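> First the structure, which I've put down as structure tokens, then a few questions once you've had a look.
The values are calculated or read from the model by the stated rules, or taken from the named source; none is laboratory data. Here the structure is a predicted model, which means the values were calculated and not measured. Glycine gets a Cβ as well: all are built from the backbone with ideal geometry, and neighbour counts include every protein chain shown. Surface areas here come from the heavy atoms of the whole protein model, side chains and all, with no ligands, DNA or RNA. Shrake-Rupley method; radii C 1.70, N 1.55, O 1.52, S 1.80 Å.
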Amino acid sequence: MKETHLHISPEEPAIFDRGSKGRRGICFEGEERLPAAIDGIPPGRLRRSQPLLPEMTEGEVVRHFTRLSSWNFSVDLGFYPLGSCTMKYNPRLNEWAARLPGFSGIHPYCPASRVQGALQLMYEFEHWLCSICGFDAFTLQPAAGAHGELTSVLVIRKYLESTGNPRKKIIIPDTAHGTNPASSAQVGYQIVKITSGEDGILHPEALAPHLDEDVAAVMITNPNTLGLFEKNIRTLAEMVHGKGGLVFGDGANLNALMGKIKPASLGIDVMQLNLHKTFSTPHGGGGPGAGPVGVVKRLEPFLPLPRVRKDDKGCFFLDDKGPQSIGRVRSFYGNFGVMVRAYAYLLAMGKENIPRVAEMAVLNANYLLSLLGDVLYRPYSGVPMHEFVVTDKNLKKETTVETTDVAKRLIDMGFHPPTIHFPLVVHGAFMIEPTETETPEMVEEFAAALRSIVEEAHRDPEKVKGAPMKTSRRRPNDTLAARKPQLVWRPEGAGEER
Ligand SMILES: *Cc1c(COP(=O)(O)O)cnc(C)c1O
């Protein structure tokens, strides 16, 4: 078994527990004096004591953060098959483009005449997204996928209100991402859950009994979170439309379809995209994202304001007129840097290579699944798209080793574990998404690692249950960490002026 030593780091205390009084990285003359007054700031607003910050040399600071960064796993370090999250490699070119001073240095209050390039980028990018998805308009404002869902549901509500009745319910399948019901509930809709069939996809029979004039929308993720294509989507959409409802598509999995099929042609009326997933912006760990929302013609008047438009003379401007708009959903224009990255990504990719993304994403998932054979139980047998779900069902019965143990043991072998225990409909799930940016060799290495862990589980189950063995932290109590996070450091004797 190949084990990695990549992540071994010495024990690293919190930065506040380091350093010593009076130690400095760099000193300026007169620094110790607190300013008596600063132009324009009333003296009462200035702090009266030094902030309680750690006092360290520059070298200590650099080592501290460099060591911590080596504890982190990233897509630049290794294979990151986190299902649903699409942790594909993000080309450096995108970073270069986003940091061009003409983009990174502009202020959101600059008049439109001074930021024509930025507006042109947004304008063109919206149109590219329209042509990829078949929608009539896009807003780039929402700051993440979930925010795009919320925006979509607000648009749905405002549209239905304009027809005289906002309706009461939104229908969501049991395989949906948790953000779907959360976004709908935020807008005040009741959630009606419907169950997928034995084959893991939705069937008209499951939808029919719940469809009535109270249904505002149905939310469909395609491919769904089991990695399966919702084959009946057109029929389902017709049924919903027949009752006057709308179809929301969760577009987080667009990388499996892009360039191959336009979501609007499946009957979807409104859909969010996750630029940080499909269009390669580094994410995870709370990095910025963007969740543009595309709509069909009849929903366009309800999109957030302002919209980027072009006048007769070819000049771009921000249009904040739209009496039916849901209003603004984000300060300024959204996460502009993420748009630049996605624009650069599409430009570098070229129209002809966009379908290749989907083909390679699906091919890699299918290759990986074929290499795994039946080493882990697969609850749904359909051909997967860009990701697939397997479980610990047989493994647990034969060895008592569970999904979490296998995931932890993968860490010892230098891999980020796949998404586990999701989707919720599958007990002990591993949701594996290799993405299109991995080579066949990498996919083979991962398959071999997973196979060797399953073998190890049969030979020495206690060892697998003791994983990870190579990390500086072993198995923190994740429930406690989530419920009672320690986010604030309180030094002894700290005053209230922290
Ligand atoms: C990631 C994801 C979301 C949420 O997107 P965020 O950008 O994390 O808010 C919603 N639905 C699906 C299917 C996803 O994979």
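> Yes or no: GLY286 in a loop (DSSP other than H, G, I, E, B), within 16 Å of the ligand (Cβ to nearest atom), without any contact (Cβ under 8 Å) to a residue 12 or more places away in the chain and on the phi > 0 side of the Ramachandran plot? Step through it out loud before you land on a result.
Working: in a loop (DSSP other than H, G, I, E, B): yes; within 16 Å of the ligand (Cβ to nearest atom): yes; without any contact (Cβ under 8 Å) to a residue 12 or more places away in the chain: yes; on the phi > 0 side of the Ramachandran plot: yes.
So GLY286 passes the test.
> For a quick check of your reading of the model, give me the residue pairs whose first member lies in the stretch 464-486 and is farther than 19 Å from HIS416 by Cβ, whose second is aliphatic (A, V, I, L, M), with beta-carbon atoms closer than 8 Å and at least 6 apart or on different chains.
Going by the 8 Å Cβ cut-off, the qualifying pairs are LYS465/VAL401.
> Which of the residues that make up the stretch 175-189 are open to solvent by 30 Å² or more (accessible area, probe 1.4 Å) and on the phi < 0 side of the Ramachandran plot?
Step one: of the stretch 175-189, the residues open to solvent by 30 Å² or more (accessible area, probe 1.4 Å) are 177-179, 181-182, 185-186, 188.
Once the filter is applied, which keeps residues that are open to solvent by 30 Å² or more (accessible area, probe 1.4 Å) and on the phi < 0 side of the Ramachandran plot, the stretch 175-189 yields HIS177, GLY178, THR179, PRO181, ALA182, ALA185, GLN186.
> While we're looking at this one, here's another question. Here is a check on your reading of the model: is ALA358 surrounded by 20 or more Cβ atoms within 10 Å (Cβ to Cβ) and free of Cβ contacts under 8 Å to residues at least 40 places away in the same chain?
Details: surrounded by 20 or more Cβ atoms within 10 Å (Cβ to Cβ): yes; free of Cβ contacts under 8 Å to residues at least 40 places away in the same chain: no.
Considered against the rule, which asks whether it is surrounded by 20 or more Cβ atoms within 10 Å (Cβ to Cβ) and free of Cβ contacts under 8 Å to residues at least 40 places away in the same chain, ALA358 comes out as no.
> Restricting attention to the stretch 379-390, report how many residues are touching a residue at least 60 places away in the same chain (Cβ under 8 Å) and crowded, with 23+ Cβ neighbours inside 10 Å.
Of the residues in the stretch 379-390, 6 are touching a residue at least 60 places away in the same chain (Cβ under 8 Å) and crowded, with 23+ Cβ neighbours inside 10 Å.
> Test LEU371 against the stated conditions and say whether it is surrounded by fewer than 19 Cβ atoms within 10 Å (Cβ to Cβ) and assigned to a helix (DSSP H, G or I). Write out each step before concluding.
Numbers: surrounded by fewer than 19 Cβ atoms within 10 Å (Cβ to Cβ): yes; assigned to a helix (DSSP H, G or I): yes.
In short, yes.
> Here's something else I'd like to know. If you check LEU376 against the conditions, is it in contact (Cβ under 8 Å) with a residue 24 or more places away in the chain, open to solvent by less than 40 Å² (accessible area, probe 1.4 Å) and under 28 Å from ALA467 (Cβ atoms)?
For LEU376, the condition - in contact (Cβ under 8 Å) with a residue 24 or more places away in the chain, open to solvent by less than 40 Å² (accessible area, probe 1.4 Å) and under 28 Å from ALA467 (Cβ atoms) - is met.
> Yes or no: VAL425 touching a residue at least 40 places away in the same chain (Cβ under 8 Å), in a helix (DSSP H, G or I) and β-branched (Val, Ile, Thr)? Steps first, answer last, please.
Values: touching a residue at least 40 places away in the same chain (Cβ under 8 Å): yes; in a helix (DSSP H, G or I): no; β-branched (Val, Ile, Thr): yes.
The answer is no for VAL425.
Residue-by-condition table, conditions (1) part of a loop (DSSP other than H, G, I, E, B); (2) more than 12 Å from ALA143 (Cβ to Cβ):
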residue: SER265; (1), (2): no, yes
residue: ILE268; (1), (2): yes, yes
residue: ASP312; (1), (2): yes, yes
residue: ILE326; (1), (2): yes, yes
residue: VAL329; (1), (2): yes, no
residue: VAL338; (1), (2): no, no
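> Also: When the stretch 160-190 is examined, which residues are found to be within 15 Å of the ligand (Cβ to nearest atom) and in a strand (DSSP E or B)?
Of the residues in the stretch 160-190, the ones within 15 Å of the ligand (Cβ to nearest atom) are 170, 172-186.
Of everything in the stretch 160-190, those that are within 15 Å of the ligand (Cβ to nearest atom) and in a strand (DSSP E or B) turn out to be ILE170, ILE172, PRO173.
> Same structure, new question: Just to be sure before I move on: is MET239 out of contact with any Cys (no Cβ under 6 Å at 6 or more places or on another chain), modelled with pLDDT of 95 or more, farther than 26 Å from LEU82 by Cβ and not charged (D, E, K, R) in the structure I sent?
Values: out of contact with any Cys (no Cβ under 6 Å at 6 or more places or on another chain): yes; modelled with pLDDT of 95 or more: yes; farther than 26 Å from LEU82 by Cβ: yes; not charged (D, E, K, R): yes.
Spelling it out, MET239 is indeed out of contact with any Cys (no Cβ under 6 Å at 6 or more places or on another chain), modelled with pLDDT of 95 or more, farther than 26 Å from LEU82 by Cβ and not charged (D, E, K, R).
> If I filter the stretch 217-239 down to residues being of a type outside the set (S, T, N, Q), away from the ligand (no atom under 15 Å from the Cβ) and open to solvent by 10 Å² or more (accessible area, probe 1.4 Å), which single residue comes out as farthest from GLY188 (Cα to Cα)?
LYS231
> Here are the criteria: (1) within 15 Å of the ligand (Cβ to nearest atom); (2) at pLDDT 95 or above; (3) assigned by TED's automatic domain parsing to the domain that holds VAL153; (4) in contact with a helix residue (DSSP H, G or I) (Cβ under 7 Å, 6 or more places away or on another chain). Tell me which single one ALA361 does not satisfy.
Status for ALA361: all satisfied but (3).
> Still on this model: Does at least one position in the stretch 81-93 carry a residue that is within 26 Å of MET442 (Cα to Cα), within 23 Å of the chain's Cα centre (by Cα), among the basic types (Lys, Arg) and open to solvent by 60 Å² or more (accessible area, probe 1.4 Å)? Give the derivation first.
Step one: list which residues in the stretch 81-93 are within 26 Å of MET442 (Cα to Cα), which gives 81-93.
Now drop any that are not within 23 Å of the chain's Cα centre (by Cα), which leaves 81-93.
Retained after the next criterion (residues that are among the basic types (Lys, Arg)): 88, 92.
Next cut, open to solvent by 60 Å² or more (accessible area, probe 1.4 Å) only: 92.
Among the residues of the stretch 81-93, at least one is within 26 Å of MET442 (Cα to Cα), within 23 Å of the chain's Cα centre (by Cα), among the basic types (Lys, Arg) and open to solvent by 60 Å² or more (accessible area, probe 1.4 Å), which makes the answer yes.
> Name the pairs: first residue in the stretch 227-243 and touching a residue at least 60 places away in the same chain (Cβ under 8 Å), second residue surrounded by fewer than 19 Cβ atoms within 10 Å (Cβ to Cβ), Cβ to Cβ under 6 Å, at least 6 apart or on different chains?
LEU228/GLY382
> Let me ask something else about it. So VAL75 ticks every box in (1) surrounded by 15 or more Cβ atoms within 10 Å (Cβ to Cβ); (2) modelled with pLDDT under 95; (3) more than 16 Å from the ligand (Cβ to nearest atom) but one. Which box is left unticked?
(3)
> Among the residues of the stretch 240-263, write down those that are more than 16 Å from the ligand (Cβ to nearest atom) and either assigned to a helix (DSSP H, G or I) or crowded, with 24+ Cβ neighbours inside 10 Å (or both).
Narrowing the stretch 240-263 to residues more than 16 Å from the ligand (Cβ to nearest atom): 240-246, 259-262.
Of everything in the stretch 240-263, those that are more than 16 Å from the ligand (Cβ to nearest atom) and either assigned to a helix (DSSP H, G or I) or crowded, with 24+ Cβ neighbours inside 10 Å (or both) turn out to be VAL240, HIS241, GLY242, GLY245, LEU246.
> Scan the stretch 108-144 for residues that are under 28 Å from ASN180 (Cβ atoms) and assigned to a loop (DSSP other than H, G, I, E, B) and report the count.
As a first pass, look at the stretch 108-144 and keep what is under 28 Å from ASN180 (Cβ atoms): 122, 125-144.
In the following step, the residues that additionally are assigned to a loop (DSSP other than H, G, I, E, B) were identified as 134-136, 140-144.
So the count comes out to 8.
> To continue, here is another question. State yes or no: is LEU305 over 23 Å from ALA348 (Cα atoms) and without any contact (Cβ under 8 Å) to a residue 40 or more places away in the chain?
Values: over 23 Å from ALA348 (Cα atoms): yes; without any contact (Cβ under 8 Å) to a residue 40 or more places away in the chain: yes.
Yes, satisfied.
> So is ALA256 small (Gly, Ala, Ser) and within 16 Å of SER152 (Cβ to Cβ) or not?
Working: small (Gly, Ala, Ser): yes; within 16 Å of SER152 (Cβ to Cβ): no.
Against the criterion (small (Gly, Ala, Ser) and within 16 Å of SER152 (Cβ to Cβ)), ALA256 does not qualify.
> Can you run down the residue pairs with Cβ atoms below 9 Å, 6 or more apart or on separate chains, where the first is in the stretch 391-415 and assigned to a helix (DSSP H, G or I) and the partner is among the acidic types (Asp, Glu) and buried (at least 21 other Cβ atoms within 10 Å of the Cβ)?
Listed pairs, sorted by first residue: THR403/ASP392; THR404/ASP392; ASP405/ASP392; VAL406/ASP392.
> Which one is farthest from GLU441 (Cα to Cα), of the residues in the stretch 43-72 that are open to solvent by 40 Å² or more (accessible area, probe 1.4 Å), among the aliphatic types (A, V, I, L, M) and modelled with pLDDT of 90 or more?
Only one residue fits best here, namely VAL61.
> Sticking with this structure for a sec: Within the stretch 270-277, does at least one residue satisfy the condition of being free of Cβ contacts under 8 Å to residues at least 60 places away in the same chain and open to solvent by 10 Å² or more (accessible area, probe 1.4 Å)? Spell out how you get there, then give the answer.
At the first step, the residues of the stretch 270-277 found to be free of Cβ contacts under 8 Å to residues at least 60 places away in the same chain are none.
Taking every residue of the stretch 270-277 in turn, none turns out to be free of Cβ contacts under 8 Å to residues at least 60 places away in the same chain and open to solvent by 10 Å² or more (accessible area, probe 1.4 Å).
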